[in-house]
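Down below is the structure, laid out as structure tokens.
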Amino acid sequence: MAEPLLDLRGLQTHFQTFGGLVKAVDGVSFNVKAGEIVGLVGESGGGKSVIGFSILGLVDPPGRIAGGEIRFDGRDISKLGEREMRNVRGRDIAMVFQDPMTSLNPVYTIGRQMDEVLRLHTNLDEAARRTRCIRMLEDVGISGAESRLDAYPHQFSGGMRQRVVIAIALLAGSRLIIADEPTTALDVTVQSQILKLMRRQVQETGAAMILITHDLAVVSEMADRVVVLYCGKVVERGLTEEVIRSPAHPYTRGLLDSIPRITDRQRRLRQIPGTVPDIRTLGAGCSFRGRCAHAQPLCAERSPELVPVRGSLDAACHFPLQEAL
Amino acid sequence: MQRLLSSEFVHNYRHNIPAVLGSLLVLAFACLAIFGPLLVWQDPYDVSQLELMDSFKPPVWLDGGDPHYLLGTDGQGRDVLASIIYGARISAFIGIAAMACSCVIGTTLGLISGYYGGMLDAVIMRVADIQLSFPSMLIALFLMSAFGNGIGMILIALTAVGWVVYARTVRGSTLSEIQKEYIQAARVAGLSDTEIIRRHVLPNVLTPLIVVSTIQVGSFILIEASLSFLGVGVPITEPSLGLLVKEGFDVLFSGIWWTSAFPGLFIMFLVFGINLFGDFLRDELNPRLR
Amino acid sequence: MMNLRLIATKGILFAGALLLASTALSNQLYAKSLTVGLTSDAVNLDPQAGEELSSNILFYHIYDPLVRRNADLTFGPGLAESWKLTDDTTWLFSLRKGVKFHNGEELKASDVVFTLDRLKKSLMANLGANIASFKAIDDHTVEIKTPRPYAVLPNDLAAVLILNAKYVKEAGDEQADLKPIGTGPYKLVEWVKEDHITLEANKDYYAGPAKLDTVVFRPITNGATRTAALLTGEVDVIQDLNVRDVERVKSDDRYKVLMRPSLLNVVLSIDQRDKSPTIDLDKNPMTDRRVREAMVRAIDVSAINKVIMNGLSTPSEQYVPASHTGYLDGASFRDMYPFDPGKAAALMAEAGYADGFTVTLDATNNRYVNDQQIVQALASMLGKIKINLKLNLMPKSNFFSYIRVPSDKSSLIMSGWDVPSGDGGSMYSVMFYSRGKKEGYGQVNRGSYSNAQVDALIDKADATSKLVERDEFLQQATKILMTDIPMIPLHYEQDLYAAKTNVEITPRADKFLWAYEIDVKE
Amino acid sequence: MLGYTIKRLLQMVLVLFVVSIIVFLMMSFTGDPVFMVIPIDSTQAEIEQARRLLGLDQSLFSQYWIFLSNLLQGDFGRSYVFRQPAMDLILERLPATMEMVLVAMAFATLIAIPLGVYAGANPNRTASRGIMAASLFGISLPGFWVGMMLIYFFSVRHPFLPSSGRGETIEILGLRLSIFTADGWSHILLPAVTLALATLAIILRITRAGMMEVMRQDYIRFARAKGASRTHILFAHGLKNALIPVVTIFGLQLGDLIAFATITETIFAWPGTGKLLIDSIYRGDRPVIVVYLMLTAFIFVVINFLVDIVYTVIDPRITVK
């Protein structure tokens, strides 16, 4: 089997704060194959975004990558120098941020911001770059692309801006796109348009994508595989349909239950009780045990390993849930 | 607020070396200004205590220094250290008193402006705008030259330039405060305007003023020193630190540097301490940056 | 032999070259120049627009008066070759012939008439206060009438500088001020405000061209900077050397320090009114002569001289210096009322003020040398006889209007007075004549002093056209004044100059640095 | 844009009008200027004559009225002392002041912005903390004292820089400038540094604060994710966004520099407008003071106007209205 495009092996990203060491990403492993969409799911504060930043080497002090490997296309990019890493960013791996309102620089035209990527990563001349930008804008569904190039971000609506951001991410032909909550800040009606757009673009360009979200519903529509994170650790991973149909980890179950469904509108939405604990104060044992309905004494003693459970599912739970019928 | 004071604020304070340093400096200067006259053996402004033969003695560590005069003497045999201590009292008094006057007047005008709005607000704010387009130094210089020098005049001049920042800050916070529901409720409950302002608005607009006031004391001390240096500040009978520097200017070229260097150094450390402390307060009390 | 001749020839050639070079050099050297560091820039170059010192210094380079005042305050012919009195009040001045203004115009009587006419309407009208009328008799004779017999009219005229009528009319007041045209020994080349004024010698000067071809005046306000400019060679002469720098400059033999007692007498005017503005008593104690005498005796003028003035002041004997009319030979405040705190206290007690009183002294803080320090010393000295002196110090801009007669806010005033005309009478008539009696008399009598005898003597002095008589009357007045003590004279400041050793310069009594009298030696 | 300019112009006229009234009123508190210009033993008649010549015989109100109506004809009044048009006196000295102010501003900006960007982008580095501490010293320094100490070290103790005047000047386009001669530079160095220090510290601190704010914005991360270089991110993406407050303070500081030039000019005997102002204050020369303040007010209004224009250039979201 060919080596995956991206292979995370035991990634550790730590933040040194006055209150103590925060292990925001604590031994995360998963991989992404070319052309595949992997959903990275978890509640906010679960370390999802940090993984994205870690891959791109954008973790700022006091944070640092404390261990593990990030193998992209066969080489460990976590060990690359800043200069080499710059060639990876934007060209090999692109990122789409959560809030389109703030991820575009307000003082430059979008044309200039798109052009920046091409100038950095291609040898195209100005005219060619411009043509490519226009084509890309058209591809993401912005009409009158030529004239829009000279417009400033504040002259666009939120959805339009996210299209621009996606266009920028796709512009240099990156092979991996990390989309960090790309639709969270948008209106519901716009959300699905953007998601469809992203999916289509990924399929057309053959790029892989990591879709970071707290919303399993989004993942179920988009992703081929799912990785569920809790307190900086992978608690479950597997093919999307299997995870959705019958998760092995109580946390995934909880997340699934909190999605509103049209079919059972009578049922009250179930929330996971409690809140995400302070990572700094976690002792030994399963970090989910405080909120878990199935917790046993063992859960407080030993931290569960991520092990295959059934089918494609791996889960980190001493007492994985049975397959639903 | 109480909790903030007791926990986080204090915690941050203790872990902020500059803040501690700043407040230590301020404290040291305060002690020196209050108790200093007890520490020095000479009242530099009692002419009978001056020994004219001791004029222009260099600081004690230089050749010809006299252990009596730690930092040397000026042209009239005045101990430079004693002059500095007496001068610092005057400088600090002017800085603090002018800040207090500005604060009271500015806050009052700001409250009126923000609470009542309308014509009054427009007038006050236009005046503030016009004034802000001039450097405070220039306004103070002009006022001093028109009215003549003296401590009272300096206080007036500094207040005239200092009130604006309070008025604007307070007006801003008042405007946002009176939008809030509890003020509406208080109005409905029939509290009088003055009572609402005093009980509800005022306490809520004061926090930002702490920072403004601290920084302002420092800048007032500097402005006063500059005015005195130009000869339109305090009279010679009440020499502030700035005037001491000015007095030292003429003899500086003759190589006598200590009569001007030390008072200037003292101003710098005084204002530096105040600014350090103010900086810390700003970081702590300004929610926008936290 | 051959060799020797060759060498000799070479030597001659060499000598010739040397000669050529040296003539070129001497031509260059002939263009002597001098740079002077003044305390401030000239304000005006129109002599009828202002009168402060720097402007005055420049005026006398560019213009000439009818009567020249010499360095020692004697007077001699200037643009007027000679003058005579035709009756008690009528003077005839004969102008020098062939004197040319810098623009080539010849000096005529009409220029003098124009000058006086313009003067009377100017801010400086005071300079012509003793001129009643004037007219041109012919091209080179001017008749001037005084309102009453006035023996020292020529002295007054030494301060009136003659303008070119045609030029001033054509150029207008502003241009006449910026680009002055006179008959003086120097012409203006360039005036860059606050930076320098360059003058070049007027080759056609009636008394022969000046020895220095170029003179540059540079304003350097700060005394210490001025010293530094001298020491670094930027300037050749400086005015008002800092008292502090005297020793330093003296110790360097490349420089010399020049001194001359100035004419400026620093005096305390004492209020003589029954009720004085700043004294919280029903009766003004200072109306009592004994109190005034006590004050004189309590002030240690020599201590002020030694400590504050670094020895560079001259304790004043009288109200006017010895060179002046009205000076009484042998009389001195210092001998009549020597410093004696005991006697002073006794006099206070005798007058019934053993417990003293509180009074405010008005003084400047930037006008006279060390004025601030002097008043502080006065406060401590008078404090010893329980006169509690409050100090009211202000910059000169406020001072002179604050103390202006009728001085209704002042009890004690420290100010200076100088009489460059050398005539004590001009001071007496304005400062000691009873106030409000006669126009032009007593207008700066700040203490409201009034003594009929003094008034009568001044009247007599002003009624005679004979200098000797005038002097006699004024001396009698001096005698009375020294007993009455309407003012306490403290000291004359010392005029200090420093120059490079090769500069030949003698300070003038009137402080007017005049390049025409200066030379530079190799 | 046109409407905006007109509005600003009207505002300016209003400001100038108010300034002139206030100055006129205030100046009536100072001593009677006539005594500054005439011989001290002048008689009453001579004083009256001088008053008439200077236009001081009128009531304050009519003096103001005359001033105002002359103003509308472009006549700004005449100095009592110099007997020259006040405006000419000031304009003559303005190049010297502006030259010093601009050199100081250039010093301040060129040093402050890179340092501020550095300290804002790396707030936790030791060097940044050092820069910030130094800048705090900078704003705590009495400028006149710094000038004096510079004179002491560079002119008195080790005399290699002159302590006063402008040195050699060259006339360019009718302006007398010293920055084109080596001698001129040696003269301008100390005053400009003295003047620049506080401004340097303030611009640095504002730049740093702005950069700190900007650097945590998403678009900076996004730019980094694009693979842009550090310098490009700091200056093209970061600084440009942090520039609005910097430009504001730049305008304000330019005004402050003109004001503080009075002190610097006094110390270094720099023949500019500030020295003229101080001299005029000492001499009670009201017309010069009035015109000086009106001219500076005018300059400030122009600076504010330019600052507003610069805003729109920097930030497309801002439009003048």
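Read-outs throughout are calculated quantities, based only on the coordinates presented, and are distinct from any laboratory measurement. Source: prediction; values computed, not measured. Don't worry about glycine lacking a Cβ; one is built from the backbone with ideal geometry, like all the others, and counts go over all protein chains shown.
Computed quantities for the displayed model
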read-out	value
Loop-located GluC sites (Glu not before Pro) in the range D:148-222, at most 14 other Cβ atoms within 10 Å (DSSP)	D:Glu168
Percent RCO, i.e. relative contact order, over chain B, from Cα pairs under 8 Å lying at least 6 residues apart	24
For the protein assembly as shown, convex hull of alpha carbons as volume per residue, Å³	280
Relative contact order computed over chain C (Cα-Cα under 8 Å; 6+ residues apart), in percent	19
Helix-derived mean residue ellipticity, 222 nm - over chain A, DSSP H n ≥ 4, -39500 (n - 2.57), to 500	-9500 deg cm²/dmol
Convex hull volume per residue in cubic angstrom - Cα atoms of chain A	150
Of D:Thr181, D:Ile278, D:Tyr311, farthest towards positive along the dipole that unit charges on Lys, Arg, Asp, Glu beta carbons give the range D:92-314	D:Tyr311
Charge dipole (the range D:92-314, unit charges on Cβ, about Cα centre) - positive-most of D:Tyr292, D:Val214, D:Ser163	D:Val214
Paired Rg and Dmax values of the range C:132-192, which use every Cα atom, in angstrom	15.0, 45
log₁₀ of I(q)/I(0) at q = 0.09, 0.10, 0.11, 0.18 Å⁻¹ - the range D:92-314, Debye sum with one point per alpha carbon	-0.43, -0.53, -0.63, -1.27
Per-residue mean of C-beta atoms belonging to partner chains within 10 Å, peptide C:398-406	5
With at most 16 other Cβ atoms within 10 Å, longest stretch of chain D clear of loop chymotrypsin sites (Phe, Trp or Tyr not before Pro) (DSSP)	D:181-321
All-pairs Cα distance distribution in chain C, expressed in whole percent, bin size 10 Å	4, 17, 25, 24, 17, 8, 3, 2, 1, 0, 0
Formal net charge of residues neighbouring D:Arg166 (Cβ-Cβ distance under 10 Å; K, R +1; D, E -1)	-4
Over the range D:168-224: Rg over Rh, Cα atoms, Kirkwood Rh	1.34
At least 20 Å along the helix axis (C-alpha) and Kyte average at least 0.5, DSSP helices within chain D	D:2-27, D:86-121, D:126-140, D:182-215, D:240-268, D:286-314
Number of partner chain Cβ atoms within 10 Å, mean per residue of C:193-204	3
Translational diffusion of the range A:123-233, µm² s⁻¹ [Kirkwood Rh, Cα pairs; Stokes-Einstein; 20 °C; 1.002 mPa s]	142
Kyte-Doolittle mean at least 0.0 and Cα axial length at least 15 Å: DSSP H helices in chain C	C:2-30, C:109-120, C:371-383, C:452-463
Crossing angle, helix B:118-132 versus chain B [Cα axis fit, 0-90 degrees, rounded to tens]	30
At 1.002 mPa s and 20 °C, Stokes diffusion of chain B via Kirkwood alpha-carbon radius, µm² per second	102
Cross-link pairs beyond the 23 Å C-alpha cut-off, checked among C:Lys409/C:Lys479; C:Lys179/C:Lys500; A:Lys33/A:Lys233; C:Lys256/C:Lys521; C:Lys121/C:Lys438; C:Lys166/C:Lys187	C:Lys409/C:Lys479; C:Lys179/C:Lys500
Dipole of the range D:2-72 [Lys/Arg +1, Asp/Glu -1 at C-beta], most positive-end residue of D:Pro33, D:Ile21, D:Gly3	D:Gly3
Rh (Kirkwood; distinct C-alpha pairs) - the range D:2-72, Å	14.4
Nearest-ten-degree value, helix B:80-116 long axis tilted from longest Cα axis of chain B	10
Trypsin sites (Lys or Arg not before Pro) within the range D:180-274, DSSP loop, no more than 13 other Cβ atoms inside 10 Å	D:Arg216
Sites matching chymotrypsin sites (Phe, Trp or Tyr not before Pro) across the range C:318-389 that sit in DSSP coil, with at most 15 neighbouring C-beta atoms within 10 Å	none
Normalised contact order of the range C:162-213, rounded percent, pairs of Cα under 8 Å and 6 or more residues apart	25
